[in-house]
Amino acid sequence: GAGVSQSPRYKVAKRGQDVALRCDPISGHVSLFWYQQALGQGPEFLTYFQNEAQLDKSGLPSDRFFAERPEGSVSTLKIQRTQQEDSAVYLCASSTINEQFFGPGTRLTVL
Amino acid sequence: GENVEQHPSTLSVQEGDSAVIKCTYSDSASNYFPWYKQELGKRPQLIIDIRSNVGEKKDQRIAVTLNKTAKHFSLHITETQPEDSAVYFCAASWVTGGGNKLTFGTGTQLKVEL
């Protein structure tokens, strides 16, 4: 079956622009996570959804970051007024009770 | 919160040798420990995981051990092959009925040389 998909795969933004990153989880997966992976580092947790409810957003680095999952399936991570330090790969994962299945990520480059 | 340390950061072995990667965690409540393999430009893929009620788990050439008392867990790869070359991440989480965010280590770049 289809795995987790993300779009776009690559995004180049000028500093100050807003961006929106999309995640399509595995069908039927209740849990959805967003992680940020800087170059040469491990993924770092940003936020977690259970169905449409955002239960944990403790990892969002600033109020410029916003995530939603309005119908409990597709999720969007939005970054407003992008800055150079936002450059990273943004990974989405959907989950059974234990195992998290990752998408291919969106590589964001802020110039 | 949870903190996961991983060593070594790079590891070079000869084909056929064994490789061992070690991690420590800080939160005694953590009860699920997966290992992910990430090839360059690709998504992390789960290769093996272990829960805190088990001390060791093996899947063909890959094994994971867990010492809850010491808060250590390790990945063992035997008979390494060139296709094992990748970055390996350990992680820890506290699994409840829902919501099990992973805290990752910093990764180990494994290179298997011919």
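The values are calculated or read from the model by the stated rules, or taken from the named source; none is laboratory data. All values derive from a computational prediction rather than experimental measurement. Counting neighbours? That spans all protein chains shown, and the Cβs are built from the backbone with ideal geometry, glycine included. Surface accessibility is based on the protein's heavy atoms, side chains included, excluding ligands, DNA and RNA. Shrake-Rupley method; radii C 1.70, N 1.55, O 1.52, S 1.80 Å.
Side notes on the structure shown:
- Test: residue B:24 is among the polar types (S, T, N, Q) and either touching a helix residue (DSSP H, G or I) at 6+ places or on another chain (Cβ under 6 Å) or crowded, with 20+ Cβ neighbours inside 10 Å (or both): no
- One residue stands out among those in segment A:46-78 that are part of a loop (DSSP other than H, G, I, E, B) and within 12 Å of chain B (Cβ to nearest Cβ): the one that is least open to solvent (accessible area, probe 1.4 Å), which is A:59.
- Residue B:37 being in a strand (DSSP E or B), charged (D, E, K, R) and over 26 Å from residue A:39 (Cβ atoms): no
- Selected residue (only one of B:42, B:58 is surrounded by fewer than 16 Cβ atoms within 10 Å (Cβ to Cβ), of a type in the set (D, E, K, R) and part of a loop (DSSP other than H, G, I, E, B)): B:42
- Condition check for residue A:13: among the aliphatic types (A, V, I, L, M) and within 14 Å of chain B (Cβ to nearest Cβ): no
- Meets criteria (out of contact with any Ser or Thr (no Cβ under 7 Å at 6 or more places or on another chain) and not basic (Lys, Arg)) for residue B:8: no
- Candidate set: segment B:71-113, residues that are aromatic (Phe, Trp, Tyr) and within 14 Å of chain A (Cβ to nearest Cβ); chosen: the one farthest from the chain's Cα centre (by Cα): B:94
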